[in-house]
Each structure stands twice: as C-alpha cells, then as structure tokens.
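Before any comments, here is the structure.
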Amino acid sequence: MTPPTGPAPQLTVHTHAPTPGCRVLTPAGDLAQDTAPHLRTELLQAIEEPGVTTVILDCHAIAFCDLAGIHLFLRARLLAEQADVDLHLSAPPPQLLRLLEVTAADQVLKIDPAPPV
C-alpha cells in the first residue's frame, strides 16, 4: 500500500485574552494525532497560567478531528479540573459535534453551541 501524498495536516492556534482571567484558544485546521501536540502545549500553557480561571476552546475553525483530538479534550478537562479552571468547548462544527456525541465525550465536556463573545 502506498502512503498518501499531499501536504501534511496543519493546525494553527490563535490565543487571546478577552477579559482578565479568561483565555480563548482558536485552533484552525486538522486536529489529528500528528497535530494534537501543538494544541496540547497551548492548552496546558493557558490552563497553568496564573490568574486564569476560564479557558475557552473555540472549535469553529477545526476542519477535521479524530480520536486524538477527543482524547486531548478529555485530558485537558481533567487537567483544568485539577487546576480549578473552567474549560469550555464552543462552536464545534457538525463533524466534531457528532464525534463528541458518538464517543459520549459530550456528556463530560462543557460544550457551548455558539462562539465566544
């Protein structure tokens, strides 16, 4: 079997602080096994930042997500809980929302249907 050709999956993460104590991370692109570490690093940095009480993961620009992404969300939820930080996923696209439902991750993650304000 020939390996797939074409560009490697890309994931960029934009972070901003709309209010003190809140960080919004917006990943854009494909969230898969080879791109999840980049988002993991950014999430951990936001969760561990002194004074941060809320981290919002604005998912509207995630084009693709596999189980590595779901695992990352669940692990981040545990780390946020230990750090006494609220973690929210906002505006998941239909494919991601379906994956969250099928894996029952939507039962433990805080999911907001609208993008953050």
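Observations on the model:
- Cα-centred dipole magnitude for the chain, charges only on beta-carbon of K, R (+1) and D, E (-1), debye, nearest 20: 100 debye
- Kirkwood Rh (inverse of mean 1/r, distinct Cα pairs), the chain, angstrom: 14.4 Å
- Peptides 35-47, 94-106 ranked from most to least packed by the mean count of surrounding Cβ atoms within 10 Å: 35-47, 94-106.
- Per residue, in Å², the accessible surface of the chain once ligands and nucleic acids are set aside, probe 1.4 Å: 57 Å²
The values are calculated or read from the model by the stated rules, or taken from the named source; none is laboratory data. Computed from a predicted structure; not experimentally measured. Glycine gets a Cβ as well: all are built from the backbone with ideal geometry, and neighbour counts include every protein chain shown. We work out accessible area using only protein heavy atoms, side chains counted, and drop any ligands, DNA or RNA first. Shrake-Rupley method; radii C 1.70, N 1.55, O 1.52, S 1.80 Å.
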